[in-house]
Every structure is written in structure tokens, then in C-alpha cells.
Amino acid sequence: MKPYPFKYVRAEGLAAVFQQFEEHGDDAQVLAGGQSLMPVLNMRLSAPRVLVDINRIEELRGIALDGGEVRIGALTRHREVLESEVVRTHLPLLAEAMPHVAHVAVRNRGTLGGSLALADPAAEMPACAVALGATLVLRSAAGERTVAAEDFYQGLYETERRPDEVLTEARYPIAGPGYHGAFQEFARRQGDFAVVGVAARGRVESGVLSELRLVYFGCEGHARLARQTALAAEAGGRPYTPQVFAALKDALAEELDPMENMHGSRATKLHMAQTLTGRALQALLARAGGAVHG
Ligand SMILES: Cc1cc2nc3c(=O)[nH]c(=O)nc-3n(C[C@H](O)[C@H](O)[C@H](O)COP(=O)(O)OP(=O)(O)OC[C@H]3O[C@@H](n4cnc5c(N)ncnc54)[C@H](O)[C@@H]3O)c2cc1C
């Protein structure tokens with residue numbers, strides 16, 4: 001199938017993007033890597049009248065260490081994130097998750113900003129952004145604002161981004177000593193969207209787990225921070241004991257409401273989420289140098 005006709009505009013700067021937004025409102029849509037947008041257009045599931053290509057806007061590109069944070073431009077390709085030494089050193093959770101995003105060909109074109117802005121419920125990058133406490137930067141003709149990733153995701157493909165805003169950057173705080181992450185996902189084939197996954201980050205000091213963030217994807221309409229389950233895991237101090245793991249599973253059953261779809265029922269997905277949580281916590285504690293058998 002071919003897309004409905006649209007006008008193509010190659011923007012050389014953000015001002016040109018804002019101009020298109022002003023002229024066409026909701027009818028203008030940003031084109032980044034096109035790895036999600038083009039299939040949707042080809043299937044005629046969406047029909048914007050104007051596509052604004054942002055691929056030439058250099059200021060949206062790059063990975064930089066800036067004080068206590070890593071700043072990644074929205075137009076940075078998945079592959080660049082995967083190969084970045086800065087990301088490997090300071091955001092190991094992101095480095096661990098990125099190989100699960102699609103295949104090499106898609107990662108060569110797809111962008112971090114595209115993934116964060118699209119908000120696919122099964123996508124890895126939004127969940128990592130929430131787990132890592134990232135801040136997303138949005139710019140419009142009226143100026144710039146920042147939104148915490150955990151507030152950005154509102155519903156199924158619904159975000160805090162207004163139609164006249166471009167996502168320009170994600171800022172990830174660099175965690176101090178004692179913080180560790182772990183990533184687990186189940187997908188039918190390597191590179192497929194996750195059926196269920198979890199991104200975890202927490203602090204371990206003297207064997208005691210705190211500040212745990214557990215973020216689930218492929219479950220609800222958007223990346224889901226499970227606060228009560230994290231508290232249940234922390235309460236035991238040693239989340240790998242059978243008692244703590246049972247409490248954690250109960251808390252997750254209360255807190256998480258996975259959507260049934262062609263990949264599985266609610267019960268199957270919940271079971272997967274519980275199992276993956278156990279694995280993620282074991283990995284996190286092992287990285288912290290703790291024993292993993294209670
Ligand atoms: C075969 C295949 C497998 C895939 N598997 C996975 C997977 O396992 N996990 C995963 O997470 N993704 C997967 N993807 C999607 C891929 O990661 C995309 O690259 C990503 O979702 C969108 O990035 P993009 O740069 O291609 O965005 P585009 O397709 O260009 O745009 C996507 C949407 O975001 C908007 N947008 C893009 N950039 C911005 C911006 N800076 N500001 C505002 N709005 C913006 C666009 O207007 C559009 O609505 C897969 C894609 C394919 C084709």
C-alpha cells in the first residue's frame with residue numbers, strides 16, 4: 001500500500017519546524033528516523049498533510065557529558081547510543097537495553113527521540129528513561145520546557161508533548177556509587193518488540209537495597225513505574241529470599257494491570273513480569289557484589 005499524499009518539508013533548523021506547526025497545526029508531523037512513522041503511513045493508519053523532516057538539524061544530534069548528566073540529542077540514532085562509550089560508562093542500563101531495540105538496520109536509522117516521543121507501550125527506551133529518572137526537553141516557538149520522563153507518559157501513545165513541540169533532548173542524571181541497573185525482557189524473537197519487560201535501577205549499600213525503581217513495558221498502555229512493588233522488594237532488604245519474592249509477586253499482582261493482547265492473557269503477562277522482576281533483582285544484586293541466594 002502507498003501512503004496518502006503528503007507535502008514533504010526538509011527543515012534546516014528548528015525555526016522551520018515551528019513555522020510548519022504554525023501553518024498546519026496538527027496536520028504537520030515530524031519525520032525522524034521514519035522507522036515507525038513510514039510503516040504507519042504506508043498502511044494508511046495515519047494521514048498527516050505535511051511531513052517535516054528534522055534529519056538535517058545538527059543541534060538535535062549527539063551525546064554529551066554535561067556536569068552530572070548525560071545529554072542525548074533526540075536525533076541520535078539507536079546505533080550511536082549503543083556504541084557510545086559515554087553511555088556504556090555512565091548509563092549501563094541504557095547500553096544493556098539497546099540491543100533489544102529492533103535489528104541493526106532499524107537501529108541505524110531509528111532515533112532515541114523518535115522512540116521516546118512515539119511512546120509505544122512495548123518500547124524499551126521510554127521504560128529506561130523512567131527508570132533512570134531522565135528529563136525530557138521540549139521546545140516550541142514559545143520556548144523550552146522540561147518534563148520528567150515519569151510524567152511524560154500518559155496513556156497509549158499519549159504523552160505530555162503538545163502538537164507544536166519538538167522533543168529535542170533527553171537528560172539522564174549520572175548516578176553516584178552504589179547504584180546498579182538491570183534489564184530483562186521477553187520477546188518472541190531477538191529484536192521484536194517486547195511481550196513483557198522490566199527496567200530496574202536501585203541502590204545497594206552494605207547489602208541493603210533502596211531507591212529501587214521498577215518500570216514495566218509491554219504491560220500497560222505506557223511505561224509503568226511500580227512503586228509499591230519496589231517498596232515490597234526493599235522491605236526485605238534481600239529481595240531474593242523466597243519470602244520477599246512472594247511478597248513482591250503479590251505486590252505486583254495488585255499494582256500491575258497488563259493488557260491482554262495477541263501475545264498473551266493478563267495472567268500470562270503478569271506471570272512473566274513477576275519472573276522477570278526476580279531475574280532483574282538477582283542481576284542487580286549480583287552487580288552490587290551481594291550474594292544472590294537467600
Ligand atoms: C521491524 C521493526 C522492529 C522494531 N522493533 C522495535 C523494538 O523492539 N523496540 C522499540 O522500541 N522499537 C522498535 N521499532 C521502532 C524503532 O525503534 C523506531 O526507530 C522508533 O520507534 C521511532 O524512531 P524513529 O526515529 O524512526 O521515529 P519516526 O518513525 O520518524 O517517528 C515516530 C513518531 O515520533 C514522532 N517524532 C519523532 N521524533 C520526534 C521528535 N524529536 N519530537 C517530536 N516528535 C517526534 C514522529 O512525528 C512520529 O509520530 C521497530 C521498528 C521496526 C521497523
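What follows is calculated from the coordinates using simple rules that are stated; it is not laboratory data. As the structure is a computational prediction, the values presented were derived from the model and not from experiment. Virtual Cβ from ideal backbone geometry, glycine too; neighbours counted across all protein chains shown.
Taking the chain as a Gaussian network, Cα atoms linked when under 10 Å apart, which of R201, R88, R61 shows the biggest mean-square fluctuation?
R88
From the phi angles alone, apply the Karplus equation (6.51, -1.76, 1.60; θ = phi - 60°) to the range 130-147 and give each ³J(HN,Hα) in whole Hz, x where the residue is Gly or Pro.
Each residue's phi maps through the Karplus curve to give 5, 4, 8, x, 5, 10, 9, 9, 10, 10, 9, 4, 7, x, 10, 9, 10, 9 Hz.
For the range 7-53, what class follows from the C-alpha gyration tensor (a ≥ b ≥ c being the square roots of its eigenvalues): rounded when a/c is under 1.5, otherwise prolate if a/b is larger than b/c, else oblate?
Cα axes put the range 7-53 in the oblate bin.
Anyone know which of A199, A122, A175 comes out most mobile in the 10 Å Cα GNM of the chain?
Result for the chain, Cα springs under 10 Å: A175 fluctuates most.
May I ask you to order 144-150, 261-267, 229-235 by the average number of other C-beta atoms within 10 Å around their residues, highest value first?
229-235, 144-150, 261-267
Length gain on complete extension for the stretch E85 to S265, per 0.36 nm per residue less the alpha carbon to alpha carbon distance? Each step should come with its number before you reach the end.
Numbers: separation 180, 0.36 × 180 = 64.80 nm, distance 3.95 nm.
Length gained between E85 and S265: 60.9 nm.
Picking from A32, A273, A246, which is most flexible by a Gaussian network model of the chain using Cα springs under 10 Å?
Per the Cα network of the chain with a 10 Å cutoff, A246 tops the list.
Setting aside same-chain residues fewer than 8 positions from K7, which aspartates and glutamates have a Cα under 12 Å from its Cα?
Within reach: D27, D53.
Can you tell me the order of 184-197, 125-138 when each peptide is scored by its average per-residue count of other Cβ atoms within 10 angstrom, highest first?
The peptides rank, most packed first, as 125-138, 184-197.
Taking the Cβ of each residue in T275, T76 as the centre, tally the other Cβ atoms inside 10 Å and list the residues starting with the fewest.
T275, T76
Taking other Cβ within 10 Å of each residue's Cβ, how do I57, I174 sort, fewest first?
Fewest-to-most ranking of I57, I174: I174, I57.
Rounded, prolate or oblate: which fits the range 77-223 when a ≥ b ≥ c are the square roots of the eigenvalues of the alpha-carbon gyration tensor, with rounded for a/c under 1.5 and prolate only if a/b beats b/c?
Note, shape of the range 77-223 comes out rounded.
What shape does the range 1-126 take by its C-alpha gyration tensor, where a ≥ b ≥ c are the square roots of the eigenvalues and a/c under 1.5 counts as rounded, a/b above b/c as prolate, and the rest as oblate?
The shape class here is oblate.
Collect residues whose amide H, placed 1.01 Å from N in the peptide plane, falls under 5 Å from the amide H of R10; neighbours closer than 5 in sequence don't count.
D53
How long is the gain from R279 to Q243 if the chain were fully straight, where each residue apart is worth 0.36 nm and the alpha carbon distance is subtracted?
My answer for the length gained is 11.4 nm.
Output ³J(HN,Hα) for the range 63-70: one whole-Hz value per residue in order, computed from phi by the Karplus curve 6.51 cos²θ - 1.76 cosθ + 1.60 with θ = phi - 60°, and x for Gly and Pro.
Once θ is set to phi - 60°, the couplings for the range 63-70 become 10, 9, 8, 9, x, x, 9, 9 Hz.
Hey, can you grab everything whose amide H is under 5 Å from the amide H of I174? Only 5+ residues off in sequence or another chain; H modelled, so Pro and N-termini drop out.
Amide H neighbours of I174: E69, V70.
So what is the relative contact order for the chain, in percent, with contacts set as C-alpha pairs under 8 Å and at least six apart?
Taking the mean separation of contacting Cα pairs over the length of the chain, I get 14 percent.
How far is helix 227-236 tilted, in degrees, relative to the longest principal axis of the Cα atoms in the chain, given as a value from 0 to 90 rounded to the nearest 10?
It works out to around 30 degrees.
Treating cross-link reach as a plain straight distance, find the lysines whose alpha-carbon is under 29 Å from the alpha-carbon of K269, omitting any fewer than eight places away in the same chain.
Correct list for K269: K249.
Order of L252, L45 from fewest to most other C-beta atoms within 10 Å?
Values: L252 24, L45 10.
So the residues, fewest neighbours to most, are L45, L252.
In whole angstrom, note down how far apart the Cα centers of the range 50-102 and the range 140-159 are.
Answer, in whole Å: 18.
Using Cα centres only, tell me the gap between the range 10-35 and the range 172-229 in whole Å.
33 Å
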